[in-house]
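This report concerns only the one structure given below.
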Amino acid sequence: MPRSICSNCLRPLPVCYCPHLSQLRNEWPVYIIQDLREFAHAIGTARIAALSLSNCHLLVVDPDNISATCMTVLEELRASSPVLIYPGEQSKSLSVLAELPKRPLIFIDASWRRSRKIMHRLPWLAQLSRYSLAPIIPSRYRIRQQPDTQALSTLEAIAYTLAAIERKDNAYHSLISTMDWVIDQQIHCMGDAVYHANYQIKE
Ligand SMILES: [Zn+2]
């Protein structure tokens, strides 16, 4: 028999995080281009952002086969002068972005390899102006092995980016608190032994 799933957060009812969500008003529109593979992952941190922020759009794409409907939405997004929030040497500081008129912020929720594939399929994305956080904040996302501990989850990147460009220091911290709760539940479910053996980031 299938487990009962919450229709809002898509988690099994015993670990539904909806009571832990807060409703936040963001000034800069957020668009998350999510790899289909991330959508299927047990803890999709991007969904926490989509359910919490007043202006957040989650676009699930299969880079191997982007649907016509999805392409239409992406073309509309492309026409709205968005910027890409993406780490790397080509990225400018968020303090530069904060001085510009508000525009959509695009985040890619995918592994490094798959995000490069998405940009290969959508070359205009790769050509957008890029901005990123200074890599000073260690990730709290403890559930998946990251290529390096500086790599933030999509949710953390969204929370820290909005706080930086809207100059609201702790306004988005409740996103991180919800993520912490979800991860604690997941670690509890898998058991401490499995977690420590497989997932904990080596200090
Ligand atoms: Zn729920």
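The values are calculated or read from the model by the stated rules, or taken from the named source; none is laboratory data. Nothing here was measured: the structure is a model prediction, and the numbers come from that model. Every residue, glycine among them, receives a Cβ derived from its backbone with ideal geometry; neighbour counts consider all protein chains shown.
Points to keep in mind about this one:
- Tally, over the stretch 85-119, of residues that are small (Gly, Ala, Ser) and more than 22 Å from residue 67 (Cα to Cα): 5
- Only one entry of 48, 5 meets the criterion of being among the β-branched types (Val, Ile, Thr) and surrounded by fewer than 16 Cβ atoms within 10 Å (Cβ to Cβ), and that entry is 5.
- When the stretch 97-119 is filtered for residues that are farther than 19 Å from residue 153 by Cα and either over 20 Å from the mean Cα position of the chain (by Cα) or of a type in the set (A, V, I, L, M, F, W, C) (or both), the ones remaining, listed by number, are 97, 98, 99, 100, 101.
- Any hit, the stretch 57-67, residues being within 16 Å of the ligand (Cβ to nearest atom) and closer than 17 Å to residue 108 by Cα: yes
- Pairing each residue of the stretch 1-29 that is closer than 30 Å to residue 82 by Cα with any residue that is in a helix (DSSP H, G or I) and near the ligand (Cβ under 8 Å from one of its atoms), provided the two are 6+ apart or on different chains, yields C-beta distances under 7 Å for 8/18; 9/18.
- Qualifying residue in the stretch 88-105 (condition: modelled with pLDDT of 95 or more and within 25 Å of residue 180 (Cβ to Cβ)): yes
- Of all residues in the stretch 1-35 being away from the ligand (no atom under 16 Å from the Cβ) and in contact with a Pro (Cβ under 8 Å, 6 or more places away or on another chain), the one that is nearest to residue 102 (Cα to Cα): 28
- Hey, residue 45 away from the ligand (no atom under 16 Å from the Cβ) and hydroxyl-bearing (Ser, Thr, Tyr) or not: no
Yes or no, residue by residue, for (1) in contact with a Leu (Cβ under 8 Å, 6 or more places away or on another chain); (2) of a type in the set (A, V, I, L, M); (3) loosely packed, with under 15 Cβ neighbours inside 10 Å:
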residue: 20; (1), (2), (3): no, no, no
residue: 30; (1), (2), (3): yes, yes, no
residue: 33; (1), (2), (3): yes, yes, no
residue: 39; (1), (2), (3): no, no, no
residue: 56; (1), (2), (3): no, no, no
residue: 67; (1), (2), (3): no, no, yes
residue: 75; (1), (2), (3): no, no, yes
